[in-house]
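All remarks here apply to the structure that follows.
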Amino acid sequence: MFKKILIANRGEIACRVIKTAQRLGVKTVAVYSEADAGARHVDLADEAYCIGPAAAGDSYLRGEKILETARKSGAEAIHPGYGFLSENADFAEDCAKAGVVFIGPPPAAIRAMGSKSAAKDIMGRAGVPLVPGYHGDAQDAALLQKEADKIGYPVLIKASAGGGGKGMRSVDKAADFAAALASCQRESKASFGDERVLLEKYLKRPRHIEIQVFADTQGDALYLFERDCSVQRRHQKVLEEAPAPGMRRARRNSMGAAAVAATKAIGYVGAGTVEFIAEPGNGKSAGTFYFMEMNTRLQVEHPVTEMITGLDLVEWQLRVACGEPLPLTQDELAITGHALEARIYAEDPAKNFLPSTGRITHLSTPAESRHVRIDTGVRAGDAITPFYDPMIAKLIVWDTDRSAALARMRAALEQFQVVGVTTNTEFLARLTACEAFATADLDTGLIERNRAELMSAAPVAGDEVLALAALAELLAIERRAEERAAKSGDPCSPWGACDGWRLNQDNHHILVFLQGEREQAVTAHYRPGRFELELPGGRHTLTGAWQADGSLTAWLEDVVLRANVVQSGQTLDVFFRGTRYQLELHDPALHEIETDAHGGNLAAPMPGKIIAVLTAAGAKVAKGTPLVILEAMKMEHTIIAPGRGTVTEIHYKVGEQVAEGAELLGFELEKN
Ligand code: ADP
């Protein structure tokens, strides 16, 4: 086994690799960007080296700097994690030249699978079924349009070099093809430095099923069963599971055999994933599966495989990279129980899953156990920046069967509480509760089809939530009064009293809570040892206190309410019975409700670069007209006209960087 390895990555996967290395007695070297100086992976590693500024191109993608760090620190091998340099054949080659082991497949195998088009060629020749489509070298727009017409709409345009759902556009009709192609090429160029695309027939209700493979340097290969990753948004996985619900033994064996054949065909070594898109059978036919691509690295969702096999795939990676044979044979592998993984992202499902940046001010997670695993690289106080993937954590659960695992997932999601950025936890909770998911009626369109149910607005704070929020604020008022009294040098002064006593006034507080646009008032009357609350639903007695674990307990009459309440300034986040309620304490003296009669200006939803201006000052546009395209976090975001109106001014040129909230253009909404 290696004595010391370097992990050329950050976040949860760097932490994940360090954990196994430490268990095996292998010393670890972390690398980090200036933005990550205080990151968890830096703290966990035995040594850590700064490799440059925040932007990935200046740090985590700097192969030569990373290799230099490996040499300097005496690391014998480099684990690339996923993303960044993990599928970079040149880097793997440079490692070999420098005498450092790249923990991954040989450069030739990475290269062979690096382009989706080339990979399809190889697989087609090896007899693996392919989705009908075009993956040729010729790339001129007219030819591509002709090929798309031939395939028949809907058609999917994919970046050949693509990954992570980027550079992918589905096109419903011939007239939309040219614009979608241009946008896809732009995004591919920006993300992968390569604008080549391929075309595929867009399957209507497919499932994404992938096979985990492993191969060693002795020429042996096997598969560690499948994962179902059909639940996706923006063609990106969000909820994964193993085994795939409804998977028959014969189907599993044939997919496994195809995956192993693919692995052997390219002389693969290490951990890999062969992704298939599957069309379900309909009683008469058994359904089909088609090769999509092979990922030549450890996959984000590998933990579900670990949970059902009881194996540590990072340990296997290290052993294979050292030249050891595969630890087990195909016959020795078995599936036990069912595992689910939910990816918790800093993103806003209501805004088409736009990443959310900011500092995590509060992070509380369920306890880890045999049933619950959390892979994360983020701690309270850390920032989610636009520089990297906005994933906060992977929440993985295991139990003896799917429904028991699902119950565990729902309970764990309720306990996963984040304040400071918008997250998808409630969306995930709804997703795991929805009928289609619960009954495993899975396909890649599940989220889109159930959008209305999954996106429903947060429930209105009722009396119980308002009572909890009021209690938190009343206790805060009490604490502030005590602090003032202590500072004043006269702790017994009536001015430091916190019982609501006022000269010539009724002893009460009126607390006005805003939840979005909704305003609700709570009047709290001070009584000895308790409050009398006037809530929208009636008058009730309230007592309560903070608990040692940071939670808040309230007694509303004789009902006990427990919640986590996080207060920062005027904002209160109440986590109660699995729902997060975001309330704003409204001080009428401080705020004047602003109404914007002009429809306002269109602001950048996040920091980014302007890559296209599609309009001009003076242009009259219809509602929904695309105006500006912003590239942020390597994805394109189109800013559209909020209604019919006139563009009055354009504030930025193509290529310019903009800050979050920057007005991109002036816009006058037309009055009806
Ligand atoms: P990436 O490498 O960007 O993840 P993939 O080729 O793996 O791209 O595809 C990502 C997802 O897009 C798939 O899991 C599936 O949901 C969807 N997809 C890909 N190809 C097709 C297709 N031909 N028809 C329908 N959906 C597809």
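Every read-out reported here was derived from the displayed coordinates using simple, explicitly stated rules and does not represent laboratory data. None of these values were measured; they are calculated from a predicted model. So basically every Cβ, Gly included, is an ideal-geometry build from the backbone, and we count neighbours across all protein chains shown.
Okay, here's what the table says:
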{"item": "Sorted by Cβ neighbour density within 10 Å, fewest at the top, the residues Trp398, Trp316, Trp555", "result": "Trp555, Trp316, Trp398"}
{"item": "Where labels lie 7 Å past Cα in the beta-carbon direction, separation of Ser488 and Val654 in nm", "result": "6.6"}
{"item": "Hydrodynamic radius (Kirkwood) for the chain, which is based on Cα pairs only, to one decimal in Å", "result": "27.6"}
{"item": "Listed residues Val512, Gly124, His371: farthest to the positive end of the dipole of the chain (Cβ charges)", "result": "Gly124"}
{"item": "Along the chain, longest interval not containing exposed GluC sites (Glu not before Pro), exposed being DSSP loop plus at most 15 other Cβ atoms within 10 Å", "result": "1-367"}
{"item": "Descending Cα extents along the principal axes, the stretch 416-484, whole Å", "result": "59, 24, 17"}
{"item": "Reach of Lys19 by Cα under 27 Å, taken over lysines that are not fewer than 8 positions away in the same chain", "result": "Lys3, Lys4, Lys27, Lys65, Lys72, Lys237, Lys394"}
{"item": "Coarse-grained scattering of the stretch 65-153 at q = 0.23 Å⁻¹, given as base-10 log I(q)/I(0) from a Debye sum over alpha-carbon atoms", "result": "-1.07"}
{"item": "Dipole in debye (nearest 20) - the stretch 601-669, about Cα centre, beta carbon charges: Lys, Arg +1; Asp, Glu -1", "result": "220"}
{"item": "Positive dipole terminus of the chain, leading residue within Thr305, Leu627, Ala617 (C-beta point charges)", "result": "Thr305"}
{"item": "Values of log10 I(q)/I(0), in the order q = 0.23, 0.28 Å⁻¹, for the stretch 132-201 under a Debye, Cα-only, solvent-free model", "result": "-0.92, -1.35"}
{"item": "Centre separation in Å (Cα based) which lies between the stretch 296-332 and the stretch 628-672", "result": "47"}
{"item": "For Gly643, residues with placed amide H under 5 Å, excluding near neighbours", "result": "Gly624"}
{"item": "Euclidean distance of C-alpha centroids, the stretch 9-66 and the stretch 214-231, integer Å", "result": "27"}
{"item": "Rg in Å to one decimal, and Dmax rounded to a whole Å, for the stretch 601-669 via C-alpha atoms", "result": "10.9, 30"}
{"item": "Ratio Rg/Rh [Cα only; Rh per Kirkwood] for the stretch 463-586", "result": "0.97"}
{"item": "Linear extension gain, Ala458 paired with Gln22, 0.36 nm per residue minus alpha-carbon span", "result": "152.7 nm"}
{"item": "Proximal lysines relative to Lys173, as straight alpha-carbon distance under 22 Å, when same-chain residues fewer than 8 apart are discounted", "result": "Lys146, Lys150, Lys158, Lys201, Lys204, Lys623"}
{"item": "Cleavage-rule hits, trypsin sites (Lys or Arg not before Pro), the stretch 615-672, DSSP coil, Cβ neighbours within 10 Å at most 10", "result": "Lys653, Lys671"}
{"item": "Rg followed by Dmax, in Å, when the stretch 291-372 is reduced to its Cα trace", "result": "17.5, 48"}
{"item": "Ranked list, fewest to most other Cβ atoms within 10 Å of each Cβ, for Ser115, Ser59", "result": "Ser115, Ser59"}
{"item": "Alpha-carbon spread of the stretch 4-103, three principal axes, descending order, Å", "result": "31, 29, 23"}
{"item": "Equivalent ellipsoid dimensions for the stretch 536-589 as semi-axes, Å, which come from the Cα gyration tensor, largest first", "result": "19, 17, 11"}
{"item": "Charged-residue dipole, Cβ positions (Lys, Arg, Asp, Glu), the chain about Cα centre, Debye nearest 20", "result": "1580"}
{"item": "Estimated D of the stretch 160-286 in µm² per second, where Rh is the Kirkwood radius over Cα pairs and Stokes-Einstein applies at 25 °C, 0.890 mPa s", "result": "148"}
{"item": "Charge dipole of the stretch 327-426 about the Cα centre (unit charges at C-beta), most positive-ward option of Pro390, Leu413, Gly358", "result": "Gly358"}
{"item": "Hull volume in cubic angstrom per residue (convex hull over the Cα atoms of the stretch 379-426)", "result": "90"}
